[in-house]
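Undergrad: Questions regarding the structure given below will be posed in turn.
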Amino acid sequence: MQVIIARSVAEVAVLGAAHCQRLIAQKPHAVLGLATGSTPVALYQQLIKLHRQAGLSFKQCRSFNLDEYIGLAPEHPQSYRYFMQSHLFEHIDIKQRHTYVPDGLMAASAAAANYEQLIQRAGGIDLQILGVGRNGHIGFNEPSSSLVSRTRIKTLTCATIADNQRFFKPGEFQPSLAITMGIGTILQAQKILLLATGATKAKAVKDLIEGPLSASCPASALQMHANSIIIIDTEAAADLQHTEYYQQVKTETELLENIND
Ligand code: F6R
């Protein structure tokens, strides 16, 4: 794993977006794996900026999101389809029919098998963006998830339901089930970019980078991937013990060098 410690949330976003930009420059019909949640919002804003100001085009790209709540229609404001429309898709030139989010209303097993087939038919994912839960989950692969799991329905842990309660109004139905790409599905991406920012992620970041490979921290599965990059800010890096092994962005010049890498 390449670990990069950036100085701020903004720098994490700039570096993450630079990886996407470089991939699309090399492969305009790239297949992107996308995540929702608070972490990738700054990255998506940076991609929108590059689209508007630097001509970054997603016209030939396809995208596959990691997960979706079971029981929420695509137009529900808390659905992950709605999130992607409002935070990214409506602001760039990706074709709507080339954006895939698992179907939270389809019969469960059919939706899961269908999603795996769609990813395969698209030629697999070139670059998978990930956030990480405080409990180490990736997608909705909660602790104890099989490290070779495929797309399926998962019951969310109480901790994840509590963490995501902030997105729902008081009294609003909050799903406790989700359809998610499996860890095995995620590991098949050519390249993985995990972003984490803020002190609440420090323990998960330590466990995933320096802890043992374990289903207790699903994100530690990235240790088994040949091309994974972890980009974190200093707050999320606070619990790491072996900072001498990692790349620390200290100046603006280093940030730019990293982008040109
Ligand atoms: C969302 C997803 C989740 C989030 C994780 C972190 O599609 O797959 O694994 O990445 O829960 O969420 P935030 O970024 O809101 O802290």
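Every read-out reported here was derived from the displayed coordinates using simple, explicitly stated rules and does not represent laboratory data. Predicted, not measured: the structure shown is a model, and the values here were computed from it. As a convention, Cβ positions derive from the backbone with ideal geometry for all residues, glycine included, and neighbour counts pool all protein chains shown.
Undergrad: Answer rounded, prolate or oblate for the stretch 127-179, using the Cα gyration tensor with square roots of eigenvalues a ≥ b ≥ c: rounded when a/c is under 1.5, else prolate when a/b is larger than b/c, else oblate.
TA: Numbers: a/c = 1.99, a/b = 1.71, b/c = 1.16.
Cα axes put the stretch 127-179 in the prolate bin.
Undergrad: A further question on this structure: For the chain, what number results from the quotient of the Cα radius of gyration and 2.2 N^0.38 Å? Please list the in-between numbers first.
TA: Details: Rg = 17.2 Å, N = 261, 2.2 N^0.38 = 18.2 Å.
With N residues counted in the chain, Rg over 2.2 N^0.38 Å equals 0.95.
Undergrad: Continuing with the same structure: So what is the calculated 222 nm ellipticity per residue for the chain, using -39500 (n - 2.57) for each DSSP H run with n of 4 or more, over all residues, to the nearest 500 deg cm²/dmol?
TA: So the helix-based figure for the chain works out to -10000 deg cm²/dmol.
Undergrad: Please identify the chymotrypsin sites (Phe, Trp or Tyr not before Pro) of the stretch 1-76 that satisfy two criteria: DSSP loop assignment and at most 10 other Cβ atoms within 10 Å. Which are they? Each step should come with its number before you reach the end.
TA: Values: sites: Tyr44, Phe58, Phe64, Tyr69; in loops: Phe58.
Here no loop site has a sparse enough neighbourhood.
Undergrad: At q = 0.11 Å⁻¹, what log₁₀ I(q)/I(0) does the stretch 142-261 have when each alpha carbon counts as one equal point scatterer in the Debye sum?
TA: Reported log10 I(q)/I(0), two decimals: -0.47.
Undergrad: Scanning the chain for helices, which whole DSSP H stretches are 18 Å or more long along the axis (Cα) and average -1.0 or more by Kyte-Doolittle?
TA: On the way: long enough: 9-26 (26 Å, 0.98); 40-54 (20 Å, -0.09); 108-121 (20 Å, -0.24).
Passing helices, by number: 9-26, 40-54, 108-121.
Undergrad: Mind listing which GluC sites (Glu not before Pro) in the stretch 15-120 are in a DSSP loop and have 16 or fewer other Cβ atoms within 10 Å? Intermediate values should be presented prior to the final figure.
TA: Working: sites: Glu68, Glu75, Glu90, Glu116; in loops: Glu75.
Those satisfying the criteria are Glu75.
Undergrad: Further question on the same structure: Taking the alpha carbon gyration tensor of the stretch 10-120, what are the square roots of 5 times its eigenvalues, largest first, to the nearest whole Å?
TA: In descending order, the three semi-axes are 25, 16, 12 Å.
Undergrad: Something else now. Rounded to the nearest 5, what % of the DSSP beta bridges within the chain are antiparallel ones?
TA: Values: 9 of 33 bridges.
Percentage antiparallel, nearest 5: 25.
Undergrad: Just how far, in whole angstrom, is the stretch 188-212 from the stretch 92-126 if you go by their alpha carbon centroids?
TA: A separation of 25 Å, based on Cα centres.
Undergrad: Here's something else I'd like to know. Just the Cα atoms of the stretch 77-216: what Rg and Dmax do they give in Å?
TA: Final numbers for Rg and Dmax: 15.5, 42 Å.
Undergrad: Of all trypsin sites (Lys or Arg not before Pro) in the stretch 81-123, which ones are in loop regions per DSSP and have a Cβ with at most 13 other Cβ atoms within 10 Å?
TA: Values: sites: Arg81, Lys95, Arg97, Arg121; in loops: Lys95.
Answer by residue number: Lys95.
Undergrad: Determine the relative contact order of the stretch 139-240: mean sequence separation of Cα pairs under 8 Å and six or more apart, normalised by residue count, in whole percent.
TA: Details: 161 pairs, mean separation 33.4, N = 102.
Computed value for the stretch 139-240: 33 percent relative contact order.
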